[in-house]
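Okay, structure first, notes after.
The values are calculated or read from the model by the stated rules, or taken from the named source; none is laboratory data. Computed from a predicted model, the values in this text were never measured in an experiment. Don't worry about glycine lacking a Cβ; one is built from the backbone with ideal geometry, like all the others, and counts go over all protein chains shown. Ligands, DNA and RNA are excluded from the accessible area calculation, which covers all protein heavy atoms including side chains. Shrake-Rupley method; radii C 1.70, N 1.55, O 1.52, S 1.80 Å.
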Amino acid sequence: MAGIVANNYGSFDVTFVGGNGAELVDKNGKKYIDFVSGIGVNCLGHNNPVLVKALTDQIKKEIHIGNYYTSDTNLAFAEELTKATGMKRVYFCNSGAEANEAAIKLARKFGWLESKDKGGKRKTIVTLKQSFHGRSLATLMATGQEKFHPDCFAPYPDGFKYIEPGDFDAIEKTFDDSVCAFMMECIQGEGGVNLVDEKWAKAACDAARKAGALVVIDEVQTGMGRTGALFASLAMGLEPDVITAAKGIAGGVPMGACIFGGRATDVFVAGDHQSTFGGNPLACAGGRAVLAEMLKPGFFEHVNKVGKLITDTINSWKLPCVTLVHGKGLMLGIDVTQAPGEIQKKCLENGLCVSTAGTKAVRFLPPLVLTEEQALAGLAIFKKVLESV
C-alpha cells in the first residue's frame, strides 16, 4: 500500500486496527501502550464507551446539515463551552490551524475597526519565538520558528512580529498602536514543551491590553484538560479575549473552535468567516461528551496525579541521558542527550508510542484516562530504551 497515501507525515511502518483506553493493537496483533493519543487528540482514550454512545446516538439523528441552519447539538455544545470558559461566542471549525486562522482574521478585523479613522493601520500580530500555530500560510507565518518558513512556500502573509518569551524588555518595545493582537501558547508544544513563565505571560498580556490589542491564547494542545485544567490560560488567570482549541475537543472527531468574548464578542458578522463542516452535529456530539466527562469531579485531579507520577518516576531514575522533565499535567517533555527521533523509533519497536518536540525532547501526550498501572508499564519500556540507545 506504500505510496497510495501521500506520506507527508513520515509515518512509521505500523498499521493500527483497534484500541481500548490507553492501548492500541496493530494488524499483527501486537499491543502497544499509547503515550501519544493521536497527538493529544484521543483524550478519553480509544473506544471510550461514553464517547462511542454519544457518537452512535448522534449518527442515528443527523451527521451533517450545513450552516444555513443550526442543529440542537451544535447549539447545546456552544452553550456548554461558553459557559465553561466564561466567553460569549464560539466559531466551530475542523482543526487547530483553522481555529487559529479564525483568530487571526478576527484580530485583524478588530484592529481595522479600532483604527479605521486613522487608515486601519492596527494590523500586526505579535507571537512568540519557538511558537507553533499551524501549517496554513498565515499560521505558518504566525509560527515563530524559521524552519517552518521555507522559501518553497513563499510569499508568506506579512504582519507578524516575534518576541522572546521571558524577555521583559521586549514587552516594553513591542506593543504599540500598530498591534491588533498578542497570540501565545502557555506551553509551546511543538517548540519543545517549553513552559512560558507565568509572571512574564501576565505582563505581556497586560501590555497588549494597554496598547489596545486583543489577547489570543492558542490552546490547541494545552486545552481540554491536557495540562490538568480545562484551559491552561484560565488556570493562569490570563483573561484572554480569544481562546483557540482543537485536538482533544471532540475526543477524536475532527474539530476546532475559536472561542471569544470581551472586546472580541461582536467583531465577526455573517460572511466574515465560514466553514462547510464547522459545527458539524457529529463533532459537537463528541465535544459534548468530552466536556461532560472532564467536568466530572476528580477528572483534572487524576490528570495531575498521573502526570506527577510520571515526572517523579523518571526523575527517580537519575539517568545521565535525561537532562530535564518538564510540562504540566499529561503534557510532558523529557529532554534527552540522545536523538529523540531514535528513542521514539526504539520505543515503538518495544510497544510504546511516544512523540518528539523541538530538538531535544521526547514528548508524552497520553490519553487523559491513562491509569497509574499503564503509566508505570509504559515507563518501564521507556527506561529500557533509554538505557539501550
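Summing charges over all other residues whose Cβ lies under 9 Å from the Cβ of Thr265, with Lys and Arg as +1 and Asp and Glu as -1, gives +1.
Taking a ≥ b ≥ c as the square roots of the eigenvalues of the Cα gyration tensor of the range 1-66, is the shape rounded (a/c under 1.5), prolate (a/b larger than b/c) or oblate? Walk me through the numbers before you get to the answer.
Values: a/c = 2.18, a/b = 1.40, b/c = 1.56.
Oblate, because a/c is 1.5 or more while a/b does not exceed b/c.
Sorted from longest to shortest, the spans of the Cα atoms of the range 204-281 along the three principal axes equal 38, 36, 13 Å. Counting only alpha carbon atoms, the long axis of helix 49-61 and the longest principal axis of the chain meet at about 50°.
Rounded to the nearest 20, the Cβ-based charge dipole of the range 246-380 about its Cα centre (Lys and Arg +1, Asp and Glu -1) stands at 160 debye.
When Rg and Dmax are taken over the Cα atoms of the range 1-113, they come to 18.8, 58 Å. Between the helical axis of 72-85 and the longest alpha-carbon principal axis of the chain there is an angle of about 90 degrees.
The computed mean projected area of the Cα convex hull in nm² for the structure shown corresponds, within [x] 25.4; [y] 18.9; [z] 20.0, to [z].
If you count only protein heavy atoms with a 1.4 Å probe, what accessible area per residue comes out for the chain, rounded to a whole Å²? Could you put the intermediate results ahead of the total?
Numbers: 17570 Å² over 389 residues.
Dividing the accessible area of the chain by its residue count gives 45 Å².
Computed from the alpha carbon positions, the gyration tensor of the range 260-389 leads to an equivalent ellipsoid with semi-axes of 36, 18, 15 Å, biggest first.
The local environment of Pro367, defined by Cβ-Cβ distances under 14 Å, has a net charge of -3 under the rule Lys, Arg +1 and Asp, Glu -1.
Indicate the gyration tensor shape class of the range 91-242 (rounded, prolate or oblate), computed on the Cα atoms with a ≥ b ≥ c the square roots of the eigenvalues: a/c under 1.5 is rounded; otherwise a/b larger than b/c is prolate and the rest oblate. Rounded, since a/c falls under 1.5. Starting from the Cα of Lys121, step 7 Å toward the Cβ, then list every residue of the range 140-184 with an amide N under 12 Å from that point. Hits in the range 140-184 for Lys121 at 12 Å: 176-179. Helix 372-388 and the longest principal axis of the Cα set of the chain meet at an angle near 80°.
Counting only protein heavy atoms and using a 1.4 Å probe, what share of the accessible area of the range 19-58 belongs to carbon plus sulfur, as a whole percent?
Heavy-atom surface of the range 19-58 belonging to carbon and sulfur, 1.4 Å probe: 56 percent.
Among 360-370, 80-90, 37-47, 115-125, the peptide with the highest mean count of other Cβ atoms within 10 Å heads the list, and the full ranking is 360-370, 37-47, 80-90, 115-125.
Using a probe radius of 1.4 angstrom, the carbon and sulfur fraction of the accessible surface of the range 336-381 is 52%.
Is the C-alpha gyration tensor of the range 313-383 telling us rounded, prolate or oblate? Criteria: a/c under 1.5 is rounded; beyond that, a/b larger than b/c is prolate, otherwise oblate. In terms of gyration-tensor shape, rounded.
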